[in-house]
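Written below as C-alpha cells is the structure these notes are about.
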Amino acid sequence: VHRGAIRLHKVSREGSKQVLKIFKDRESFGESTVVSLSCYPADAYADCPTILARVDKMGVQRLGRTSEALRQCLSSSLVRHLDHLVTQLEARAFFSPESRVAKWILEAGGGALVQESGSFEINCPKRSVADELDMASETFSRKLRSLREKGFIRVSRSRIEILDPEGLRTVAVKEH
C-alpha cells in the first residue's frame, strides 16, 4: 500500500465477512501468492482513496532464486502476517473489547514503544477498524468514548491523540 488502506477479508458461504487485517501506508500483502502456486486466499477492498504498488509475481520469483536478501524479506513478511493472525485470535479469545481498542490505538499510534503523547489519523472508516477488531461499529465508538472519558485519549473526527500511553497499556493487557 503506497497510500490509503486495504481491508483484507474472507467471506463465508453464508455471506458473513471476517476482516483479517487493514493494511495501511507502507504495508504489504499478497506475499503468499508470490511463493506459492495458489490464488490469494482472501478478498481485498479499498475503504478510502488508495494507491497500490503491484509487484510482478514471476519477476519476484526469478529474483528470489538468486537473492538471499529477497527470500529473507519474503519469509519475514509471511512470519509477521502469521504473528498478526495469531495475536488477533488470542485477542478475540482472551481480551475485552476495550482492551482490544486500547491495544489497537497503541499500535496505530506507533506500536508498543509509544512512551509519550502523540496523535495519528485513522485513514479508513471507523467501521472497518471495528470489523478488524471483531466488534460492532457502535461498540468501537462506545469503547473510544470510554477511553476518552478516562483521560487516556482525545478524539477529534478521525484523529486520535494519545494522552496517557501508560494508562492505555494497562487497559490493553487486561483479560476478560
Enumerate the calculated ³J(HN,Hα) couplings along region 144-159 in order (Karplus 6.51 cos²θ - 1.76 cosθ + 1.60, θ = phi - 60°), each rounded to whole Hz, writing x wherever the residue is Gly or Pro. 4, 4, 4, 5, 5, 5, 7, x, 7, 9, 10, 10, 9, 6, 9, 9
Which one, [x] 11, 39, 35, 14, 3, 0; [y] 10, 37, 38, 14, 0; [z] 9, 34, 34, 17, 6, 0, gives P(r) over Cα pairs in 10 Å bins from 0, in percent as derived from the coordinates shown? [z]
Solvent exposure of the chain as accessible area per residue, Å², 1.4 Å probe: 61 Å²
Could you work out the helix-only [θ] at 222 nm for the chain, with each DSSP H run of four or more residues adding -39,500 (n - 2.57) and the total divided by the number of residues, to the nearest 500 deg cm²/dmol? -14000 deg cm²/dmol
Would you work out what percent of the accessible area of region 1-70, with all protein chains in place, is carbon or sulfur (probe 1.4 Å)? 56 percent
Separation of the ARG145 and LYS57 label points, Cα + 7 Å toward Cβ, nm: 4.7 nm
Report, by chain and number, residues whose modeled amide H sits under 5 Å from the one on ALA46, excluding near sequence neighbours (fewer than 5 apart, same chain). ARG7
Go through region 81-93 residue by residue and turn each phi into a ³J(HN,Hα) via Karplus (6.51, -1.76, 1.60, θ = phi - 60°); whole Hz please, and just put x for glycine and proline. 5, 5, 4, 4, 5, 5, 4, 4, 4, 4, 4, 5, 7
Once phi is turned into θ = phi - 60°, what whole-Hz ³J(HN,Hα) does the Karplus curve with 6.51, -1.76 and 1.60 give for every residue of region 32-46, x standing for Gly and Pro? 4, 6, 6, 9, 9, 8, 7, 7, 5, x, 8, 9, 10, 9, 8
If the reach is capped at under 28 angstrom between alpha carbons, list the lysines near LYS174, excluding any in the same chain fewer than eight residues apart. LYS17, LYS21, LYS24, LYS103, LYS126, LYS143, LYS150
Estimated FRET transfer efficiency (ASP83, ARG157; beta-carbon r; R0 30 Å; 0.05): 0.40
So for the pair CYS48, GLU107, with labels modelled 7 Å out along Cα→Cβ, what separation do we get in nm? 1.8 nm
SER119 long-range amide H proximity, modeled H, under 5 Å: ILE162
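The values are calculated or read from the model by the stated rules, or taken from the named source; none is laboratory data. None of the values given here were measured: they were computed from a predicted structure. We place every Cβ from the backbone using ideal geometry, glycine too, and count neighbours over all the protein chains shown. Surface accessibility is based on the protein's heavy atoms, side chains included, excluding ligands, DNA and RNA. Shrake-Rupley method; radii C 1.70, N 1.55, O 1.52, S 1.80 Å.
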